[in-house]
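Note sheet for the following structure.
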Amino acid sequence: MTQAQGILNQILDYANRANPYPLYEELRKTPVFHDGEGPYVISTYYDIQSLLHDPRLSSDSRNLAAVAGDPLAEGAEEGAAALPPSFLKLDPPEHDRLRRMTNRPFGPPHSPHRIEGMRGDLRDIVTGLIDNLGDPARIDLVDQFSYPFPVTMICRLLGVPREDEARFHVWADTLAASLDPDPDADQAERLKTTHDARMELGMYLAGLIEERRKDPGDDMLSQLAAGHGQDETMSTMELLSTAALLLIAGHETTVNLITNGMLTLLRNPDVLGQLRENPGLSVPLVEELLRFEPPVQLLPQRTPLVDIEVRGVTIPKGSSMWLILASGNRDPNRFKDPDRFDPYRKDIQHLGLGSGIHSCFGAPLARLEAQLALSELARRLENPRLIEDPPAYRQNAVLRGPRHLPITCDGIRP
């Protein structure tokens, strides 16, 4: 095993999940990291930023010629539903058409008030979850707060009836669990459970789409189902893929953002106190969190459509590429003192939400959710402390965050 392969295996090794950043520092010594048949790994800020805007790079796995030696490409489609790829995994022009249609009811310029109009709903959900945290002596912030918060909001966004939200939570939990490797589980049973959840969710959404076509409301699913002319209408299968993307991508990243954020604040109690006194600090604070502890650590599904050259290294057409966003965010050639958490940092043009045509579609909502969640937790929890540090992390090296975050506090303010 070469040094390169050894570092990649260490990044994927759960033993290093709590702190992968020294490994990323080692990677940056060789900006284009490659080991024979494995992936080409890009770890520096300016190279990643450039490649995210490079039209020669594809996000469509059908353009991937070889996956040998790539542990994140092999078996990546296991358990996938029989749906067309979401726009996240497509290239222009299909990507542009589907993203444009999805964006129309979601935000500017066509629906400029959609996100801001959710502020009241978001605040109500946050308040309700904090009110029901129970015994302040032991709280699992993931299970009791950061997990249910975004999925409840996505239900409201899509127009899922309140009485069906509990069912939606169960499907979301099952599909989220399927994203994490679990070598100790019965894989056949795990695949069946995931498949059944996908099928049940798909059938439910298909029924909801038909209802919205007959009797549209003001929700996002109604507007997506209505379309905007012959060239701006999604098929039912495309609608199902888009709704599933909003559920999974929108949920998982926000869970990690909020949980990583609270963990970082509890490790920096002076900043937590400043946020308690000044809720407006949540805006720059969330941007620094997206740099310092991004919910998506790396993008493994990229491949060049032609031979390309990066730092003098030729990367052949069809090769597997990993873009290590979290490493770019800690690149000292871009950020001064990058391993220090500083919510007052200027010029935080981070990679935490990607960049280019595949930049995070739900970024405005994720930002607002995290700002409200962290500022309210800071305000209402009296003297919160970590019970375990580091906490137990998820198995997933791509979507990195604590699976549980046990904390204690002296009480909960009204």
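The values are calculated or read from the model by the stated rules, or taken from the named source; none is laboratory data. If you're wondering where the values come from, they're calculated on a predicted model, not measured in any experiment. Glycine gets a Cβ as well: all are built from the backbone with ideal geometry, and neighbour counts include every protein chain shown. Surface areas here come from the heavy atoms of the whole protein model, side chains and all, with no ligands, DNA or RNA. Shrake-Rupley method; radii C 1.70, N 1.55, O 1.52, S 1.80 Å.
To the nearest 20 debye, what charge dipole does the stretch 140-249 have about its Cα centre, counting +1 at the Cβ of each Lys and Arg and -1 at the Cβ of each Asp and Glu?
300
Of GLY159, ASN268, ALA243, which is farthest on the positive side of the dipole of the chain, counting Cα position, with +1 on Lys and Arg Cβ, -1 on Asp and Glu Cβ, and the Cα centre as origin?
ASN268
For THR127 paired with ASN19, estimate the spin-label separation in nm (one decimal), with each label point 7 Å from Cα along the Cα-to-Cβ line.
4.1
Please get the size of the charge dipole for the stretch 115-172, origin at its Cα centre, with Cβ charges of +1 on Lys and Arg and -1 on Asp and Glu, quoted in debye to the nearest 20. Provide the component values of the computation, followed by the final result.
Values: 6 positive and 10 negative charges, 23 e Å.
Dipole about the Cα centre, nearest 20: 100 debye.
If packing is taken as the average count of other Cβ atoms within 10 Å, what order do 368-380, 30-42 fall into, highest mean first?
Per-residue Cβ counts within 10 Å, averaged per peptide and sorted highest first, yield 368-380, 30-42.
Quick one: which residues, 5+ away or cross-chain, put their amide H under 5 Å from the amide H of TRP322? H built at 1.01 Å from N.
Here the answer is TYR40, VAL41, ILE42, since their amide H atoms fall under 5 Å of that of TRP322.
Treating only the Cβ atoms of Lys and Arg (+1) and Asp and Glu (-1) as charged, compute the dipole magnitude of the chain about its Cα centre; round to the nearest 20 debye.
940
When the helix-only estimate is applied to the chain (DSSP H runs of n ≥ 4, each -39,500 (n - 2.57), divided by the residue count), what is the mean residue ellipticity at 222 nm, nearest 500 deg cm²/dmol?
-14000 deg cm²/dmol
Shape verdict for the stretch 277-414, please, from the Cα gyration tensor: rounded (a/c under 1.5), prolate (a/b greater than b/c) or oblate.
The shape class here is prolate.
List residues of the stretch 370-414, by number, whose backbone nitrogen lies under 20 Å from a label position 7 Å along Cα→C-beta of ALA137.
Backbone N within reach: 381-389, 405-413.
Please check which bits of the stretch 287-311 a label hung off ASP339 would reach, taking the label as a point 7 Å along Cα-to-C-beta and the cut-off as backbone N under 16 Å.
Only 292-293 pass the distance filter.
Along the charge dipole of the chain, Cβ charges K/R +1 and D/E -1, which of LEU175, ILE130, PHE106 sits furthest on the positive end?
So the residue we want is PHE106.
How many nm separate the modelled label positions at ARG162 and GLN10, each set 7 Å beyond the Cα in the direction of the Cβ?
Between ARG162 and GLN10, the simple spin-label model gives 5.3 nm.
Please compute the modelled spin-label separation between ARG100 and HIS195, points set 7 Å along Cα→Cβ, answer in nm with one decimal.
3.8
Would you work out which of GLN301, PRO85, LEU365 lies farthest towards the positive end of the dipole of the chain? Charges go on Cβ: Lys and Arg +1, Asp and Glu -1.
Selected residue: LEU365.
Just tell me, in residue order, which DSSP H segments of the chain are both 24 angstrom or longer along the helix axis (alpha-carbon based) and at least -0.5 in mean Kyte-Doolittle hydropathy.
236-267, 363-380
For the pair THR408 and HIS53, what calculated FRET efficiency results from E = 1/(1 + (r/R0)^6), where r is the Cβ-Cβ distance and R0 = 56 Å, to the nearest 0.05?
Numbers: r = 45 Å, r/R0 = 0.81.
The value I calculate is 0.80.
In whole Å, how far is the Cα centre of the stretch 216-267 from that of the stretch 279-298?
The distance from the Cα centre of the stretch 216-267 to that of the stretch 279-298 comes to 20 Å.
Sort ILE315, ILE115, ILE412 by accessible area with a 1.4 Å probe, largest first. Could the numbers behind the result be given before it?
Working: ILE315 0, ILE115 25, ILE412 50 Å².
Correct descending sequence by accessible area is ILE412, ILE115, ILE315.
Stretched out fully, how many nm does the piece from TYR46 to ASP307 gain, at 0.36 nm a residue minus the Cα gap?
92.0 nm
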